[in-house]
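Structure record follows, encoded as structure tokens.
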Amino acid sequence: MVDKSEKFNWLVRVGYFSRAILYATLGIVALTSASKIAEGTNGIFQAVKDFPAGTAILWLMVVGLIAYALFRFSSTFFDIENNGTDAKGWGKRLGHAGSAIGHLALAWSAYQFASSSGGGSGDSGGGAQEAASGVLSVEFGGAVIGILGVAFGIAAIFQIKKGLSGEFMHRISGAAPDATRWLGGAGYAARGVVYGVIAWSLIQAGFMSGGAEQIKTLGDAVASLAGEGIVFTLVAVGLLLFGLFSLVLARYRIIPELGDDGRVPQFRT
């Protein structure tokens, strides 16, 4: 019989595996297909769907990305990774909330492609922009979108800081490959740049009355860098490496265990 802790562990590892597919595909598409990266997030999921057994992979990604988002929400609300309640700790936890929301949006995009007989529906980022339009139409909706942008901005800063400091290594098993440190360092730095682009788009839409069409999802943010020469190439390579790093995490990440009450106790490092 599989207990709750084993189920939680399995789901989180599927989440990291899904993230590995997502970022590796994003990096490869950015480096090899100008037309598909121009389609933004839709181009990424269409590329996955074109793989052998692509629809099955997309369904796995739907489950995995939702699981990863729930893991990050748990980090925000239950502090399962012991970030604390000081300003720095809450900064990390709000960053995790931004990451969770972003991965839920990606799970929705993956679902649209997995459940359709052809490609996904709508323009690149259309689902996210439609949802944002609904939020912006209500009172204080702009503030909500803007605050989400701030959360993504905080996440971007901590991603780059992680990449430079290597602090992520203390939550990875010592049995992980030797290359894990530099894979993660390059990957987090690239991801931080992309999160910064997403953050700015949300801040523009929420606080500067830029409108929902300003909002960029993961693929759209990468596509917006396409004219930036070496910066675009370095980010694309970094995202591919982040995919490989996420594959390492799927096997070697230290996952906190569920307690007997079904909740996640504090994760001490």
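The values are calculated or read from the model by the stated rules, or taken from the named source; none is laboratory data. Everything quoted here is computed from the prediction, not taken from an experiment. All Cβ positions, glycine included, derive from the backbone under ideal geometry; neighbour counts span all protein chains shown. Note: areas computed on protein heavy atoms with side chains; ligands, DNA, RNA excluded. Shrake-Rupley method; radii C 1.70, N 1.55, O 1.52, S 1.80 Å.
For Ile254, the conditions (1) at pLDDT below 90; (2) out of contact with any Lys or Arg (no Cβ under 7 Å at 6 or more places or on another chain); (3) among the β-branched types (Val, Ile, Thr) all hold with the exception of (2). The set of residues in the stretch 103-120 that are modelled with pLDDT under 80 and under 21 Å from the mean Cα position of the chain (by Cα) contains only Gly120.
Among residues of the stretch 239-253 that are under 11 Å from Arg13 (Cβ atoms) and among the charged types (D, E, K, R), those with a beta-carbon under 9 Å from a residue that is open to solvent by less than 20 Å² (accessible area, probe 1.4 Å) and in a helix (DSSP H, G or I) at least six positions away or on a different chain give the pairs Arg251/Tyr16; Arg253/Val12; Arg253/Tyr16. Residues in the stretch 1-34 that are at pLDDT below 80 and part of a helix (DSSP H, G or I): Lys4, Ser5, Glu6, Lys7, Phe8, Ala34.
Within the stretch 175-188, is even one residue open to solvent by 50 Å² or more (accessible area, probe 1.4 Å), modelled with pLDDT under 90, more than 25 Å from Ile80 (Cβ to Cβ) and more than 19 Å from the chain's Cα centre (by Cα)?
Scanning the stretch 175-188 turns up no residue that is open to solvent by 50 Å² or more (accessible area, probe 1.4 Å), modelled with pLDDT under 90, more than 25 Å from Ile80 (Cβ to Cβ) and more than 19 Å from the chain's Cα centre (by Cα).
Answer with yes or no whether Tyr68 is among the aromatic types (Phe, Trp, Tyr), within 21 Å of Leu247 (Cα to Cα) and assigned to a helix (DSSP H, G or I).
Numbers: among the aromatic types (Phe, Trp, Tyr): yes; within 21 Å of Leu247 (Cα to Cα): yes; assigned to a helix (DSSP H, G or I): yes.
Here the answer is yes, as Tyr68 does meet what is asked.
How many of the residues in the stretch 221-239 are open to solvent by less than 50 Å² (accessible area, probe 1.4 Å) and either in contact with a helix residue (DSSP H, G or I) (Cβ under 6 Å, 6 or more places away or on another chain) or among the hydroxyl-bearing types (Ser, Thr, Tyr) (or both)? Let's see the steps before the verdict.
Looking only at the stretch 221-239, we keep the residues that are open to solvent by less than 50 Å² (accessible area, probe 1.4 Å), and these are 221-223, 225, 229, 232, 235-236, 238-239.
Checking the rest, the ones that are also either in contact with a helix residue (DSSP H, G or I) (Cβ under 6 Å, 6 or more places away or on another chain) or among the hydroxyl-bearing types (Ser, Thr, Tyr) (or both) come to 221-223, 225, 235-236, 238-239.
Qualifying residue count, the stretch 221-239: 8.
Within the stretch 166-189, being in a loop (DSSP other than H, G, I, E, B) and within 17 Å of Leu241 (Cα to Cα) holds for Gly166, Ala176, Pro177, Asp178, Ala179.
For the stretch 28-39, the tally of residues that are small (Gly, Ala, Ser) and surrounded by 24 or more Cβ atoms within 10 Å (Cβ to Cβ) stands at 1.
What do you reckon, is Ile101 crowded, with 22+ Cβ neighbours inside 10 Å and among the β-branched types (Val, Ile, Thr)? Lay out the reasoning, then the answer.
Numbers: crowded, with 22+ Cβ neighbours inside 10 Å: no; among the β-branched types (Val, Ile, Thr): yes.
So Ile101 fails the test.
Considering Gly54, Gly64, Gly15, which residue is more than 23 Å from Ile101 (Cβ to Cβ) and open to solvent by less than 70 Å² (accessible area, probe 1.4 Å)?
Values: Gly64 fails: more than 23 Å from Ile101 (Cβ to Cβ); Gly15 fails: more than 23 Å from Ile101 (Cβ to Cβ).
Answer to the check: Gly54.
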